[in-house]
Amino acid sequence: MPGVDHKAQLARLSAIDDRSGRPVPVRTSKCLGICFQGNVVVVQPSQEGRAAGGRPVWLGQITDDALVEAIDDWISRGGPGLAPLPDALVDHVTSKDAKKPKKRKRPKNAKKAKKAKKERKKAERKAEKKAKKAAEAAGSKRDGGKKTTKDRKPKKAKKNGKAEKAEKNKRGGKKG
């Protein structure tokens, strides 16, 4: 898990003592098969906890120091089978059989919806253009139907290379 100080977290977990003051054994593994839940911590019950019905508890997404502290407190109080799971850890319970969440699929008709949206926008633009022309036509009728120079679009002058040279020659040669 990027952004997590794994060495410090492992050192913190290795420093946990059980309720009788003995160090809790910590084992590391390269993969537990649910890497998408990383970091994963499996808390095994003590012999006493197992006798009381405790089973291993898999905790996923243990990326915060506060969660490691909650694990420490839980183990100090007895752990699985002897002490209830702290509230801070309830949402982190997972299992070795956890299923990776599926990526959200786009609806089957997403392409059709996108195309329909595009068509609607095109129709709206067309309607706006038509309304604008109608408004201009209504304004022109008030002027007697004549277009003023203000209404006309200026024409762009097209010149090719030869015409420009001829014009320069008429004006008296090179500028400078």
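The values are calculated or read from the model by the stated rules, or taken from the named source; none is laboratory data. Predicted, not measured: the structure shown is a model, and the values here were computed from it. Quick reminder, even Gly has a Cβ in these numbers, built from the backbone with ideal geometry, and neighbours come from all protein chains shown. These accessible areas exclude ligands, DNA and RNA; they are computed on the full protein's heavy atoms, side chains included. Shrake-Rupley method; radii C 1.70, N 1.55, O 1.52, S 1.80 Å.
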Exercise for the section: Mind listing whichever residues of region 73-92 are touching a residue at least 24 places away in the same chain (Cβ under 8 Å) and in a loop (DSSP other than H, G, I, E, B)? Expected result: ARG77, GLY78, GLY79, PRO80, GLY81, LEU82, LEU85, HIS92
Practice task
Given the conditions (1) open to solvent by less than 80 Å² (accessible area, probe 1.4 Å); (2) assigned to a loop (DSSP other than H, G, I, E, B); (3) at pLDDT 85 or above, report the number of the one that ALA98 does not fulfil.
Solution key: (3)
Problem - Exclusive hit being closer than 30 Å to ILE34 by Cβ, at pLDDT 85 or above, charged (D, E, K, R) and open to solvent by less than 90 Å² (accessible area, probe 1.4 Å), set ASP91, ASP73 - result: ASP73
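Looking at the structure I just gave you, is SER20 surrounded by fewer than 17 Cβ atoms within 10 Å (Cβ to Cβ) and either within 32 Å of the chain's Cα centre (by Cα) or not in a loop (DSSP other than H, G, I, E, B) (or both)? Working first, answer last.
Values: surrounded by fewer than 17 Cβ atoms within 10 Å (Cβ to Cβ): yes; either within 32 Å of the chain's Cα centre (by Cα) or not in a loop (DSSP other than H, G, I, E, B) (or both): no.
Considered against the rule, which asks whether it is surrounded by fewer than 17 Cβ atoms within 10 Å (Cβ to Cβ) and either within 32 Å of the chain's Cα centre (by Cα) or not in a loop (DSSP other than H, G, I, E, B) (or both), SER20 comes out as no.
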Problem - Of all residues making up region 27-55, the number that are surrounded by 13 or more Cβ atoms within 10 Å (Cβ to Cβ) and part of a loop (DSSP other than H, G, I, E, B) - result: 10
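Matching residues to (1) within 39 Å of the chain's Cα centre (by Cα); (2) modelled with pLDDT under 85; (3) more than 30 Å from VAL41 (Cα to Cα):
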{"residue": "LYS111", "(1), (2), (3)": "yes, yes, yes"}
{"residue": "LYS115", "(1), (2), (3)": "yes, yes, yes"}
{"residue": "LYS126", "(1), (2), (3)": "yes, no, yes"}
{"residue": "LYS130", "(1), (2), (3)": "no, no, yes"}
{"residue": "GLY139", "(1), (2), (3)": "no, yes, yes"}
{"residue": "ARG142", "(1), (2), (3)": "no, yes, yes"}
{"residue": "LYS159", "(1), (2), (3)": "no, yes, yes"}
{"residue": "LYS174", "(1), (2), (3)": "no, yes, yes"}
Problem - Near pairs, Cβ below 6 angstrom, 6+ apart or cross-chain, from region 39-57 (among the β-branched types (Val, Ile, Thr)) to any residue that is open to solvent by 40 Å² or more (accessible area, probe 1.4 Å) and outside any strand (DSSP E or B) - result: VAL40/LEU32; VAL42/PRO56
Practice task
Report yes if LEU10 is of a type outside the set (S, T, N, Q), under 12 Å from THR63 (Cα atoms) and surrounded by 10 or more Cβ atoms within 10 Å (Cβ to Cβ), otherwise no.
Solution key: yes
